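First comes the structure, then the notes that go with it.
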Amino acid sequence: MARADRSAVREEQTLCLDSRAVLIKQRTTLMADFERNLRKLVDQRMSGKTEVKEHFSQVEVKKLTLVDTSAMDESVLSSNIVRVVENQCESELRELNRGVGFLLGRPDLETSSNPLAPTTIVEAFTQALHGIGGDDRIKLTSLKERPRAI
């Protein structure tokens, strides 16, 4: 609502209000999907099952494809959210890493390997957004507002 009020662009106002309406209507679905995705991701990362992407310099040229702009926008927004949280909570994350590392028997656990790190939570939320109705612009608008809610 606040972003819609601040915007002078009618299309952006409508998109923000539509996003709010979809989130209110689909809240139970979103929260159930988020919880399910979060449990799955935490379990995978605790067991050490992480998806490692090939470095772009080692990928065969014939395997390269174009990326949908909405997927790219989603990736950039998710990365930005993770970076903001990690920057704002640096000391808290060090303590969390130390505690989770102790429980997992990995005393030198880094944030990138922590199954409860911000990236896991943001990824679970982003995946949950795919489960609600509406077009991609509504989902991206919802994702854009997450850093402001922190």
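One residue alone among 106, 98 is under 25 Å from residue 49 (Cβ atoms) and at pLDDT below 90, and that residue is 106. Taken over the stretch 83-106, residues that are open to solvent by less than 100 Å² (accessible area, probe 1.4 Å) and free of Cβ contacts under 8 Å to residues at least 60 places away in the same chain amount to 12.
Conditions (1) under 19 Å from the mean Cα position of the chain (by Cα); (2) part of a loop (DSSP other than H, G, I, E, B), marked per residue:
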position: 83; (1), (2): yes, no
position: 100; (1), (2): no, no
position: 103; (1), (2): no, no
position: 109; (1), (2): no, yes
position: 115; (1), (2): yes, yes
position: 120; (1), (2): yes, no
position: 132; (1), (2): yes, yes
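Looking across the stretch 124-141, the residues that are under 24 Å from residue 47 (Cβ atoms) and in contact with a Leu (Cβ under 6 Å, 6 or more places away or on another chain) come down to 124, 128.
The values are calculated or read from the model by the stated rules, or taken from the named source; none is laboratory data. These figures come from a predicted structure and were not determined experimentally. Backbone-built Cβ (ideal geometry, glycine too); neighbour counts: all protein chains shown. These area figures cover heavy atoms from the full protein model, side chains too; ligands, DNA and RNA do not enter into them. Shrake-Rupley method; radii C 1.70, N 1.55, O 1.52, S 1.80 Å.
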